[in-house]
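Asker: The structure follows.
Where a number appears in this text, it was derived from the coordinates with a stated rule and is not lab data. Small disclaimer: the values here were computed from a predicted structure and weren't measured. Here the Cβ positions follow ideal geometry from the backbone for every residue, glycine too, while neighbour counts run over all protein chains shown.
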Amino acid sequence: MEPSNARMQKRFSGKTPISSSDALGQSEIFLDFQERLSRVAPINRPVLILGERGTGKELAASRLHYLSGRWQGPFIALNCSALASSLIESELFGYEKGAFTGAEQRRLGRFEAADSGTLFLDEIGNIPMEVQEKILRVVEYNTFERVGGSQSVEVDVRIIAATNVNLKALAANNLFKQDLLDRLSFEVLFLPPLRERREDILLLANHFAGRMAVELGWEEIPQFSPEAVEALESYHWPGNVRELKNVVERAVYRSDALVIASIDFDPFHSPFEDSIDPSNKQVVKSEQKSEDLNHLMHQPLNEAVWDLKVRLLENALREAMYNQRKAAKLLGLTYHQFRGLYRHYQQVSSASEAE
């Protein structure tokens, strides 16, 4: 007997439900994103969500589902990067008894579990080309065959896909089916990175701090000192909201007071690093300087000067734990001079990535 839809949902969920309270923000760029999401949610078409790691792609997909007409149906998620390529097909489409060694009974896949609801395919760029062909058929005709089967299975599923890679570039290099990309991109939503949402950082930090305090059984909610606030708002946040959550929760649990004065952005910094033999450290530094100089000597002067500025800028940011005011002091610049250099650096980096 095949499992019921409810039993399939339970089998495929396997993790704590997403908290919509994490979708907090008051910045204009964040509110614009939410408005675009709300507008496309009721439209029964595929949506592609693009964003850096830690920006909340699954949270956005969940919100799309619950704002749609399918909200009473299942929301089934699959992280395509968490499975070996050989397993993705059977995980998505299920398999018939005897389809391969170990297939002792029929098993239903994610598409059938998501029938009348939404299937969220995270990191869709990891799906093999032959499986992409079957997904394209589902998108176009709402039918597929289980692995090892010949009988067509009909489903009514809305696909929401997400990735942090450039799918257009993959398609141009024949690593992703252009036809599938065209069908999935009825609407493309770009999740803003946290560094573009400065107004939201403290709001989110207070939210995560409050939740951690409740988890620890504290009777009062901790606050951040002005120095801690400046550090949080100046940091680059390469890991976005997920990294902010970890940093804030770590700061709360380590704190012995209700005012959090210090922020540790790098828990991997070894307390024993300074115990290395100073003479060895000096040799390494000398070798690094020599290599850097040789590298610069083989560049045109303007490029070499810019390369040196970028290295100094990045080194100062790392040493200052991405506090831009402290980084400016390390470089002997005013804060406004540093901001001008930093903006130029971001513009050049963005232009290079676009190329």
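Asker: Measure of size requested: the Rg and Dmax of the range 5-192, with Cα atoms as the atom set and Å as the unit; please supply both.
Answerer: Every Cα atom of the range 5-192 included, Rg and Dmax give 16.4, 55 Å.
Asker: I would also like to ask the following. Between SER262 and GLN34, how many nm apart are label points set 7 Å from Cα along the C-beta direction?
Answerer: 3.6 nm
Asker: Sort 171-182, 135-146, 155-166 by packing, meaning the average of other beta carbons within 10 Å per residue, with the highest value first.
Answerer: 155-166, 135-146, 171-182
Asker: So for the pair ASP156, ARG137, with labels modelled 7 Å out along Cα→Cβ, what separation do we get in nm?
Answerer: So the two model labels end up 2.3 nm from each other.
Asker: Can I ask one more? Along its principal axes, what span do the Cα atoms of the range 198-260 show, with the longest given first and each in whole Å?
Answerer: On the principal axes, the range 198-260 reaches 31, 22, 18 Å in Cα extent.
Asker: For the pair ALA103 and SER185, how long in nm is the line joining their label points, each one 7 Å along Cα→Cβ?
Answerer: 3.4 nm
Asker: What's the ranking of 106-117, 50-61, 247-258, 322-333 by average number of surrounding C-beta atoms within 10 Å, highest first?
Answerer: Going from most to least packed, we get 106-117, 50-61, 322-333, 247-258.
Asker: Calculate the FRET efficiency for LEU67 and LEU301 from the Cβ-Cβ distance with a Förster distance of 56 Å, rounded to the nearest 0.05.
Answerer: 0.50
Asker: Another question, if that's okay. Can you tell me the FRET efficiency between GLU130 and VAL310 if r is taken as the Cβ-Cβ distance and R0 is 56 Å, rounded to the nearest 0.05?
Answerer: The formula returns an efficiency of 0.85 here.
Asker: Something else: Using 1/(1 + (r/R0)^6) with R0 = 41 angstrom and r between the beta carbons of ARG242 and LEU333, what's the FRET efficiency to the nearest 0.05?
Answerer: Using R0 = 41 Å, I get an efficiency of 0.85.
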